[in-house]
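Written out below as structure tokens is the structure these notes cover.
The values are calculated or read from the model by the stated rules, or taken from the named source; none is laboratory data. Not measured: the values here are computed from a predicted model. Note that we place each Cβ from the backbone using ideal geometry, even for glycine, and neighbour counts take in every protein chain shown.
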Amino acid sequence: MAMQSSVLRPFRLAENYTAEDVTALFCASKSALLRLHANLEVEKQSLRCGDGKGGLHPFCMDELSEDDRSWIGRQQKLVDGLSGALARFGYQL
């Protein structure tokens, strides 16, 4: 319950926010999150590995360097965390 009240507190304190304002903010945030997720997928594909024959094979985490795996893991954790927070907020609307 503490999470719910902390998420909604700014909208309760600012009485000039309408339901439409909050919905628009939620939709814009969801749109930005979807773009962030798409950008992460593009970055993953840019890390495709050579097949030893002059071509590339699909993205595979196991074949990336430790630095690349770490970067992707951090970005995925960020996207997942934002997605979860936005879903919890949307559920409260």
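Based on what the data block shows, is residue 70 out of contact with any Pro (no Cβ under 7 Å at 6 or more places or on another chain), modelled with pLDDT of 85 or more and hydroxyl-bearing (Ser, Thr, Tyr)? When the stated conditions are applied, residue 70 passes them. A Cβ distance below 6 Å, combined with a sequence gap of six or more or placement on separate chains, defines the contacts here; from the range 62-89, residues that are surrounded by 11 or more Cβ atoms within 10 Å (Cβ to Cβ) reach residues that are polar (S, T, N, Q) and in a helix (DSSP H, G or I) in the pairs 86/29.
Residue 27 satisfies every condition listed in (1) surrounded by fewer than 12 Cβ atoms within 10 Å (Cβ to Cβ); (2) modelled with pLDDT under 80 except (2). You will find that of 21, 51, the residue that is modelled with pLDDT of 75 or more and of a type in the set (D, E, K, R) is 21 and no other.
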